[in-house]
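Notes follow once the structure below has been shown.
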Amino acid sequence: QLNILVDTGSSNFAVAGVPDPDVTSYFNAALSSTYKSQGIAVTVKYSQGSWTGVLGTDVITIPKGVDGSYTINIATILESDNFFLPGVKWHGILGLAYSALAKPSSSVETFFDSLVRQAKIPNVFSLQMCGAGLPVSGSGTNGGSLVLGGIEPSLYTGDIWYTPLKEEWYYQVEILKLEVGGQNLELDCREYNADKAIVDSGTTLLRLPQKVFTAVVQAIARTSLIQEFSSGFWTGSQLACWDKTEKPWSLFPKLSIYLRDENSSRSFRISILPQLYIQPILGIGENLQCYRFGISSSTNALVIGATVMEGFYVIFDRAQKRVGFAVSPCAEVNGSPVSEIEGPFSTADVASNCVSSLTFHEPVLWIASYALMSLCGLILLVLIILLLIPPRCQHSYTDNDVVNDESSLVRHRWK
C-alpha cells in the first residue's frame, strides 16, 4: 500500500521504485505482472527536490465510484534529491496539472487525462484538504477527499465561486488584489501575478512574489497586536512560542485574496483567518506551543498552496476552464469557521487585465527553440546549395587558393 501526494502543480504520476531511507514502502516493478517499462528516462524538478526514474505503464482500479481497470503512465523513481524527506508519510506523487507540464514531453498522457478518456468521466475533479489549526508535524494525514469526475455536495457549504483559468498548464488564475485586516495593499495588480498565480496543492505554504510578501508582512506586523516581533519568524527561520494556555490567533489579522469572477466586471474574495497561516508545530517544549508563519516569498509565482486550500473545497473544472472555491466544513477550529468567501464586488477600480501577456514558460520556450533551429537549418541549407552551384567564372587555382576548415562557416555554426 502506497500513500500518494496529490499535486495540482505537476503532471507526472510517480512512485518510489527502489528502497529509500525516507520511504517505508516502494513499488517493486519486477514483481508486477501488469507493469510494462517503456524504457524512457524521465527527470522532474520541483520548487523543492527532484527525482529521476523510468516511464512505464500499469493497470489501476479506482476503489469507489469508477468501475473498471485502466492503463495509465507511471514513473518508477530510481533516484531522488531532497524529494522524499524524513518523516513524510507518502511514497509517490500524483500530478493532476495539464499535459503541458508532463515530462519528458507533453505527449505523455497524464493520469487524469487517461481516466477521462477510458472511464468516460466528466473532465473535472475536486479536492478538500483538511487540517486547519492542527499541528503540521502530525500523523501525515488530517483527512480530506479527492473526487475524480465531479463535485460532492457534502464537502462544501454555501455557493461555489468560479474564476477563469488564464492558461492550461498549471492551474493559472488571475488575482486582482490582496487585503490584510480589510486594508488593501494598494499594489499594481500585475505584482500579484508575477509571473503567474497558480493553485497548487503540492505547495505547503502561501507563496507570494517578493514585493507582495514584503507588503503583506509589513501590513500584518502593523495591524497585529504584537509590537516587537523577530524578523526570523517572517522569513521562516524562527518559531514564535506562547504558553499553551494562550491562543495567539486573536493577535493577527484576516488575509483576503480577490479573484476575477467568470463575469470579468466582478470579483470575489477568499479569506483565511490566522488559524490557517499561524500554524502550530508539534512537540516543542512542555509548557509552550510554538507556531510557524504559513506564508513565504517566491521568485517566480504567487502560489495558493495548502495554507489557503485547507480553508476551501476547490473544484478544478477543466471542461469549462475554471477553478471553483467553496467554504469547506472541515475548515473549523473549536467549532468556528476559519475561512470565508464573499462577493460579488465590482472590478471598476482594477485593470482589465492583471496578467502580463509575456508569460514565457517551458512549452513556449520549446517552440521558440524549434523555430530557431529551423531557421538555422534553412540558412545552412542555403549555404550548402551555394557551395554546390558551379562557379560561372573559370579560375585556375593555385596552392594558396585552397579553402580549409579554419575558414569554414561550419566551424562557427550556431548551437
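The values are calculated or read from the model by the stated rules, or taken from the named source; none is laboratory data. Given the structure is predicted, the values throughout are model-derived calculations rather than measurements. In this analysis, Cβ positions are derived from the backbone assuming ideal geometry, glycine residues included, and neighbour counts consider all displayed protein chains. Note: areas computed on protein heavy atoms with side chains; ligands, DNA, RNA excluded. Shrake-Rupley method; radii C 1.70, N 1.55, O 1.52, S 1.80 Å.
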Item to check | Rounded tilt (10° steps) of 210-223 against the dominant C-alpha axis of the chain | outcome: 10
Item to check | Rounded percent of accessible protein surface that carbon and sulfur make up, the chain, 1.4 Å probe | outcome: 53
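Once the piece of chain linking N123 and N300 is laid out straight, how much longer is it, given 0.36 nm per residue of separation minus the C-alpha distance between them?
On the way: separation 177, 0.36 × 177 = 63.72 nm, distance 2.86 nm.
That pair, N123 and N300, stretches by 60.9 nm at full extension.
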Checklist outcome for this item: Most packed first (mean Cβ within 10 Å per residue), the peptides 378-389, 71-82 order as 71-82, 378-389
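How big is the Kirkwood radius of the chain, worked out from every pair of different alpha carbons and given in Å to one decimal?
24.2
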Checklist entry - When only Cα pairs under 8 Å and 6 or more residues apart are kept, what is the percent relative contact order across the chain? => result 17
Checklist entry - Please state the Cα pair-distance histogram of the stretch 58-197 with 10 angstrom bins from zero: what percent is in each bin? => result 8, 26, 36, 24, 5, 0
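Distance check, please: which entries in K120/K321; K36/K196; K177/K321 exceed 29 angstrom between their Cα atoms?
Checking Cα-Cα distances, K36/K196 exceed 29 Å.
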Item to check | Ranking by accessible area, most exposed first, for S271, S296, S374 with a 1.4 Å probe | outcome: S374, S296, S271
Item to check | Average accessible surface area per residue within the chain, 1.4 Å rolling probe, Å² | outcome: 53
Checklist entry - Cα axis of helix 362-388 to longest principal axis of the chain: angle in degrees, 0 to 90, nearest 10? => result 10
Checklist entry - How many nm separate the modelled label positions at V333 and I60, each set 7 Å beyond the Cα in the direction of the Cβ? => result 3.4
Checklist entry - If packing is taken as the mean number of other Cβ atoms within 10 Å per residue, what is the order of 301-312, 146-157, highest first? => result 301-312, 146-157
Checklist outcome for this item: Spelling it out for E79: with amide H atoms placed in the peptide plane at 1.01 Å from N, the residues 5 or more places away or on another chain with amide H under 5 Å from its amide H are T52
Checklist outcome for this item: Treating only Lys and Arg (+1) and Asp and Glu (-1) as charged, each at its beta carbon, one finds that the chain has a dipole about its Cα centre, in Debye to the nearest 20, of 380
Checklist entry - Can you list, bin by bin at 10 Å, the percent of alpha carbon pairs in the stretch 1-120, starting at 0? => result 13, 48, 33, 5
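How large is the helix-only mean residue ellipticity at 222 nm for the chain, computed as the sum of -39500 (n - 2.57) over DSSP H runs with n ≥ 4, divided by its residue count, in deg cm²/dmol to the nearest 500?
Value at 222 nm, helices only, nearest 500: -4500 deg cm²/dmol.
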